[in-house]
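Notes follow once the structure below has been shown.
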Amino acid sequence: MKITALLSLFSSLSLGAHVAINWDIGYVMANRDGIKMRRVIGVNGQTPVPPIEVDQYDRVVLTVHNSLDQPTTVHTHGFFQNGTSYLDGAAMVSECGIPPGDSYTYHIDTSQAGTYWIHGHDQGQNADGLRTSFIVRDRVRPYDYDGDYTFALEDWYTKEFPQKESEILDPANRFPPPASFPTGLINGYHGNEAEPIRFEPGKTYRVRVINMGTTESFMFSIPGHTLEVIEADGYYSLPYPVDVLNMGPGQRYSVLVKAHDTNRFNYRYNATLYAAFLPNVNGRNPQVYTGLVEYKKRAPVKKVPFPGDYRVVKDIELVSKDREPILQVSRSVELHIADQLYTNGQSHTSFNNITYIEPRTPSLFSMASMGRLAMDPEVYGPQTHAIVLRHLEAVEFNIINSKNLDHPIHLHGHNFQVVEYGPLLGLNTTTGPALIPAEPPRFQRSGPFPMRRDTVLAPPFGYVKIRFVADNPGAWLMHCHVMDHMFRGMQVTIIEAPDVLQHRQKIPEELLEHCDRLGMPRGGNGAGNNGYDFSGLPEPLTLATVPRSLLPGLPEPTHIPPS
Ligand SMILES: [Cu+2]
């Protein structure tokens with residue numbers, strides 16, 4: 001252990017290069033899906049946003065200039081920002097946002113090697129194009145390979161996110177709103193125009209796949225080849241062979257793929273966009289995008305029938321490469337997912353029937369400024385759903401999903417062990433269509449060395465238990481990465497060790513000045529006031545129906561459309 005620590009110190013001092021990146025974030029007109037020219041959020045006049053690829057321990061300095069007409073932030077998804085929680089880039093959690101016309105510099109610690117991504121974290125800017133892959137290459141490779149490829153998968157919509165959301169929230173519209181189905185993009189462009197990848201006989205490739213989509217899940221496969229999972233969300237596993245990577249928004253995998261010994265045939269890779277709860281939308285669900293795996297120019301493409309009993313990733317079965325033992329916890333917190341109608345005629349998502357609404361002061365700034373009161377979750381406001389953790393407390397979250405679709409739950413500032421999945425009592429419902437195994441979630445526990453990741457799928461009609469140690473003082477969102485669910489309230493704020501944070505971290509003056517310029521308070525409680533005075537915050541929402549989702553085993557009530 002000591003040698004490893006010394007090595008990493010040595011590496012960070014001597015190996016890392018200084019990497020300066022400048023992003024001028026602004027609107028661009030572009031036709032990303034081959035269907036519609038529309039307004040997109042890009043950088044330096046470009047869309048898709050150019051990928052970032054650096055070496056471990058490089059000192060990445062990302063300077064963002066905001067040329068939009070609204071505040072903006074960028075969040076490095078999966079990076080812990082331990083000790084610098086104010087650089088997490090979550091709007092109204094760790095900062096007010098960069099005002100229009102202003103700039104800010106994010107320092108990114110790249111000691112975490114692996115497959116990450118970076119995206120806007122204010123309003124729906126991520127969905128409108130402010131996102132790209134962020135690869136950190138290992139200084140010392142845990143597995144050998146001869147070459148690597150990255151696939152960034154996205155679902156793309158013809159409408160801008162704010163317009164789509166206002167239609168969903170409009171009480172005059174039918175509930176639930178009519179389904180829409182997006183187009184799949186691979187590495188920024190229409191999925192069927194993706195570049196070929198080249199395999200040489202006998203060689204081994206590392207293929208990284210990122211679902212950086214807005215709403216939908218993807219399945220990725222290279223029929224005729226086994227995919228050996230070695231990484232999930234920046235954390236290494238023992239090799240785990242599958243035929244298909246099934247992934248929700250925010251999730252990443254690396255797989256090793258061994259090329260065939262001859263170059264007689266070429267093959268295809270497939271990225272299948274699917275919405276599990278929509279059996280068929282205009283004949284477009286599921287939708288397969290495909291590109292060439294080229295062994296030799298003009299070689300015939302071998303058609304490989306998909307195995308009937310294909311293997312998918314079950315992250316509960318993955319084993320930590322570092323053999324990190326399962327955490328023993330002293331506290332377990334239940335979070336019940338719901339999507340319900342409220343008296344204002346809008347449908348909102350929630351955990352434990354609390355719909356997240358942004359506070360007026362970023363929760364981190366409340367933490368830093370409220371003294372001993374910062375230990376009380378109430379201080380952060382009634383709709384921020386604050387959960388306070390003690391420093392170094394080992395905690396379990398049990399995420400309970402009585403809905404018929406899965407939710408990719410992402411925790412900022414950490415990765416976590418995935419320790420248990422199970423069905424909800426009394427329900428035996430299948431998900432459709434039969435693309436993903438049409439079976440209710442089974443009860444399954446991890447082995448003694450569970451996998452870690454930062455985004456986990458809460459299964460339909462089931463639960464997932466995750467564990468981590470609160471070793472990162474800061475304010476960290478935990479939320480569904482389906483942008484619509486997140487936007488409509490499926491978020492909690494993990495307030496980690498306010499007492500330690502107040503001694504160890506100082507909010508940069510520049511970030512406080514951003515609040516001044518946006519007319520937001522730079523401290524105080526969730527309303528920017530003293531003590532427990534929450535005047536100035538919007539009225540809490542009231543449920544229109546009995547919240548039966550709190551009773552495990554009972555399905556959601558069926559709503560009558562508002563007339
Ligand atoms: Cu969700």
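Structural remarks
- Of all residues in segment 361-411, exactly one satisfies the criterion of being surrounded by fewer than 23 Cβ atoms within 10 Å (Cβ to Cβ), under 20 Å from Met486 (Cβ atoms) and over 22 Å from the mean Cα position of the chain (by Cα), namely Pro382.
- Residue ranges of strands (runs of 3 or more DSSP E) in segment 71-178 with at least 1 members touching a Phe, Trp or Tyr at 6+ places or on another chain (Cβ under 6 Å): 74-77, 114-120, 131-137, 147-156
- Single residue of Arg139, Arg59 found to be within 30 Å of Val255 (Cβ to Cβ), of a type in the set (D, E, K, R) and in contact with a helix residue (DSSP H, G or I) (Cβ under 8 Å, 6 or more places away or on another chain): Arg139
- Segment 448-461, subset part of a strand (DSSP E or B) and within 14 Å of the ligand (Cβ to nearest atom), residue farthest from Ile118 (Cα to Cα): Ala458
- Hey, Ala434 away from the ligand (no atom under 16 Å from the Cβ) and at pLDDT below 95 or not: yes
For every residue, the table says whether it meets (1) touching a Phe, Trp or Tyr at 6+ places or on another chain (Cβ under 9 Å); (2) over 22 Å from Phe218 (Cβ atoms); (3) open to solvent by less than 50 Å² (accessible area, probe 1.4 Å).
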| site | (1), (2), (3) |
| --- | --- |
| Lys297 | no, yes, no |
| Pro305 | no, no, no |
| Gly308 | no, no, no |
| Arg323 | yes, yes, no |
| Ser330 | no, yes, no |
| Val333 | yes, yes, yes |
| Ser350 | yes, yes, yes |
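- Test: residue in segment 484-493 that is open to solvent by less than 10 Å² (accessible area, probe 1.4 Å), over 24 Å from Lys403 (Cβ atoms), at pLDDT 95 or above and not aromatic (Phe, Trp, Tyr): no
- Glu439 meets the conditions (1) modelled with pLDDT under 95; (2) among the acidic types (Asp, Glu); (3) within 16 Å of the ligand (Cβ to nearest atom) in every case but one. The failed one is (3).
- A residue that is within 16 Å of the ligand (Cβ to nearest atom), in a strand (DSSP E or B) and under 25 Å from the mean Cα position of the chain (by Cα) occurs somewhere in segment 482-505.
- Taking strands (runs of 3 or more DSSP E) as the structural unit, those lying wholly within segment 285-371 and holding at least 2 residues that are of a type in the set (D, E, K, R) correspond to 331-341.
The values are calculated or read from the model by the stated rules, or taken from the named source; none is laboratory data. None of the values given here were measured: they were computed from a predicted structure. Note that each Cβ is placed from the backbone with ideal geometry, even for glycine, and that neighbours are counted across all protein chains shown. The area values use the complete protein model at the heavy-atom level, side chains included, leaving out ligands, DNA and RNA. Shrake-Rupley method; radii C 1.70, N 1.55, O 1.52, S 1.80 Å.
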